[in-house]
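Undergrad: This structure is in structure tokens; I'll ask about it shortly.
The values are calculated or read from the model by the stated rules, or taken from the named source; none is laboratory data. Keep in mind that what you see is a predicted model, and the values were worked out from it rather than measured. Neighbour counts are summed over all protein chains in view; Cβ atoms, including those assigned to glycine, are modelled from backbone coordinates with ideal geometry.
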Amino acid sequence: MTLLNETHDPALRSWLASANAPGSDFPVQNLPFAVFRRKAATPSETWRGGVAIGDAIVDLAALTKTGLLTGLAGEATEAGAQDKLNALMAMGPRAWGALRLALSRALREGAAEEAPLRACLVPQSEVEYDVPARIGDYTDFYTSIHHATNIGRQFRPDQPLLPNYKWVPIGYHGRSSSIVVSGQGFHRPLGQTFPPGSSAPVFGPCKRLDIELEMGVFIGPGNALGTAVGMNEAEDHVFGLCLFNDWSARDIQGWEYQPLGPFLAKNFASTVSPWVVTLEALAPYRLPFTHPEGDPQPLPYLNSEANRAQGALDIQLEVRLQTPRMRDAAEAGARISRTSYRHAYWTVAQMVAHHTVNGCNLQPGDLLGTGTLSGPTLDQAAALIELTEGGKKPIELPGGETRTWLEDGDTVTLQGWCEKPGAARIGFGQCAGTVLPARSA
Ligand code: CA
């Protein structure tokens, strides 16, 4: 069983030179989607969908007007030209695949469509982005067993991992209204905490502000209330993946989380990358999925031959932190974590199958977070609470600075990419956010 087709051929080159540059996130083999507009235009332009190629974007609204793509690919272009990608997401894999194939052929060196398609390009340097979908519901999972163990060890040294973890893909329902797109800042949250040594809770700015490096999974076609999506159909309900930073206020979380779980510690801001990479584009980077020997095998509703053969995704991930001092000195952010999505204990298909097994309905544009994607070793930890062992061991940054938690003015940038011999390197672009000072209490 192979999911590869002509669009993945690593030998393909585009007539747009920047797409062929080594290290480009957006070669012709990628073709991810975003919602954008020119930032300097007056009057302001309408938001519309676009597809990344090299340092440019194929404007799907402009492409619709050319009549260049017909049939199912043309219908998908029209759906993708709207101000959110929900209509395109609802169409399903046949439509996404038809649009991908048509664009791949039209963007290749020697394509007859070069001249009219070139007229639909907008430079990425001239645009701003919006959240790619109307996110009706957002669910956050907890799929890294390494994160769950590291966190659990801080709260329960004698029993770091709770017994349900290896059986149930743990998750909770989050909040979608405060999900913002990369580039937007957010204010340090105010809230109630119970500092160690205090006799009563205090109110004020969060002092333990953290990151969570996650992948976001955008749902494509939904399922009717009362029906379940089985493992063999689960990926047909997934449009694609983005980078996702689920900012967390650990001191607020520590005081509020019992007995119902995170609330105000998590709903003040979460940041998505503008670009959504389709599952089809990720096909070369699939890996077999297994649970370690001796661990329980997934129950039948969470198990399938395809999931075992190629359910995991090898997506390289890293976190960079740029302090105000680095920004003033025009220094790039320092890398504080480097890991891969391949280490997750539950797959994308298992998240969808589990979420719907009780009849819960997913809808186009819903977002699933994978949970913090820490890898097996400490330098692969994907949150400060792990990297600093609960705030006890500050991390050292270039130039003599240290951090235990985020400080005002810090910018955190997530990056993701896939590369291996025999396949084209593809990337997710960036997911960046800056901590602004708390509003006055
Ligand atoms: Ca999270």
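Undergrad: Take the residues in the range 116-130 that are farther than 15 Å from LEU31 by Cβ and assigned to a helix (DSSP H, G or I), then tell me which one is nearest to the chain's Cα centre (by Cα).
TA: That would be SER125.
Undergrad: Which of the strands (runs of 3 or more DSSP E) contained wholly in the range 135-217 include at least 3 residues that are touching a helix residue (DSSP H, G or I) at 6+ places or on another chain (Cβ under 7 Å) and in contact (Cβ under 8 Å) with a residue 24 or more places away in the chain?
TA: The qualifying strands (runs of 3 or more DSSP E) are 190-193.
Undergrad: What are the pairs with Cβ atoms under 6 angstrom where one residue, in the range 241-261, is touching a residue at least 12 places away in the same chain (Cβ under 8 Å) and the other, located anywhere, is away from the ligand (no atom under 12 Å from the Cβ) and of a type in the set (Lys, Arg)? Sequence gap at least six, or different chains.
TA: From the range 241-261, the pairs are ARG250/ARG208; ASP251/LYS207; ASP251/ARG208.
Undergrad: Which of the residues that make up the range 271-299 are over 14 Å from CYS418 (Cα atoms), in contact with a Leu (Cβ under 9 Å, 6 or more places away or on another chain) and not aliphatic (A, V, I, L, M)?
TA: Selection gives THR271, SER273, TRP275.
Undergrad: Which one of GLY375, GLY409 is among the small types (Gly, Ala, Ser), outside any strand (DSSP E or B) and either in contact with a Pro (Cβ under 9 Å, 6 or more places away or on another chain) or farther than 30 Å from VAL229 by Cα (or both)?
TA: Testing whether each residue is among the small types (Gly, Ala, Ser), outside any strand (DSSP E or B) and either in contact with a Pro (Cβ under 9 Å, 6 or more places away or on another chain) or farther than 30 Å from VAL229 by Cα (or both) leaves just GLY409.
Undergrad: Over 26 Å from THR404 (Cβ atoms) and not small (Gly, Ala, Ser): is that true of LYS207 in this structure?
TA: no
Undergrad: If you don't mind, another one. Does PHE26 satisfy the criteria of being under 19 Å from ARG425 (Cβ atoms) and either in contact (Cβ under 8 Å) with a residue 40 or more places away in the chain or out of contact with any Cys (no Cβ under 6 Å at 6 or more places or on another chain) (or both)?
TA: Against the criterion (under 19 Å from ARG425 (Cβ atoms) and either in contact (Cβ under 8 Å) with a residue 40 or more places away in the chain or out of contact with any Cys (no Cβ under 6 Å at 6 or more places or on another chain) (or both)), PHE26 qualifies.
Undergrad: Mind telling me which of the residues PRO284, PRO298 ends up being over 23 Å from ALA133 (Cβ atoms), part of a helix (DSSP H, G or I) and at pLDDT 95 or above?
TA: On inspection, the qualifying residue turns out to be PRO284.
Undergrad: Continuing with the same structure: Output the residue which, of all residues in the range 130-183 that are basic (Lys, Arg) and more than 16 Å from the ligand (Cβ to nearest atom), is surrounded by the fewest Cβ atoms within 10 Å (Cβ to Cβ).
TA: Across the range 130-183, the extreme among qualifying residues is ARG156.
Conditions (1) among the small types (Gly, Ala, Ser); (2) over 21 Å from the mean Cα position of the chain (by Cα); (3) under 28 Å from SER177 (Cβ atoms), marked per residue:
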{"residue": "VAL357", "(1), (2), (3)": "no, yes, yes"}
{"residue": "GLU401", "(1), (2), (3)": "no, yes, no"}
{"residue": "THR404", "(1), (2), (3)": "no, yes, no"}
{"residue": "LEU414", "(1), (2), (3)": "no, no, yes"}
{"residue": "TRP417", "(1), (2), (3)": "no, no, no"}
{"residue": "GLY422", "(1), (2), (3)": "yes, yes, no"}
{"residue": "ILE426", "(1), (2), (3)": "no, no, no"}
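Undergrad: I want to confirm something. Restricting to the range 300-348 and keeping residues that are under 15 Å from GLN380 (Cα atoms), of a type outside the set (A, V, I, L, M) and in contact with a Leu (Cβ under 6 Å, 6 or more places away or on another chain), which single residue is surrounded by the fewest Cβ atoms within 10 Å (Cβ to Cβ)?
TA: So the residue we want is ASP314.
Undergrad: ASP295 - would you say it is away from the ligand (no atom under 16 Å from the Cβ), loosely packed, with under 15 Cβ neighbours inside 10 Å and in contact (Cβ under 8 Å) with a residue 12 or more places away in the chain?
TA: So ASP295 fits the description; yes.
Undergrad: Regarding the range 256-263, can at least one residue be identified that is touching an Asp or Glu at 6+ places or on another chain (Cβ under 8 Å) and either within 16 Å of the ligand (Cβ to nearest atom) or assigned to a helix (DSSP H, G or I) (or both)?
TA: yes
Undergrad: Select from the range 82-115 the residues that are closer than 16 Å to ASN30 by Cβ and part of a helix (DSSP H, G or I) and list them in ascending order.
TA: Once the filter is applied, which keeps residues that are closer than 16 Å to ASN30 by Cβ and part of a helix (DSSP H, G or I), the range 82-115 yields TRP96, GLY97, LEU99, ARG100, LEU101, ALA102, LEU103, SER104, ARG105, ALA106, LEU107.
Undergrad: A further question on this structure: Which one of PHE263, PHE244, PHE268 is at pLDDT 95 or above and within 17 Å of the chain's Cα centre (by Cα)?
TA: On inspection, the qualifying residue turns out to be PHE244.
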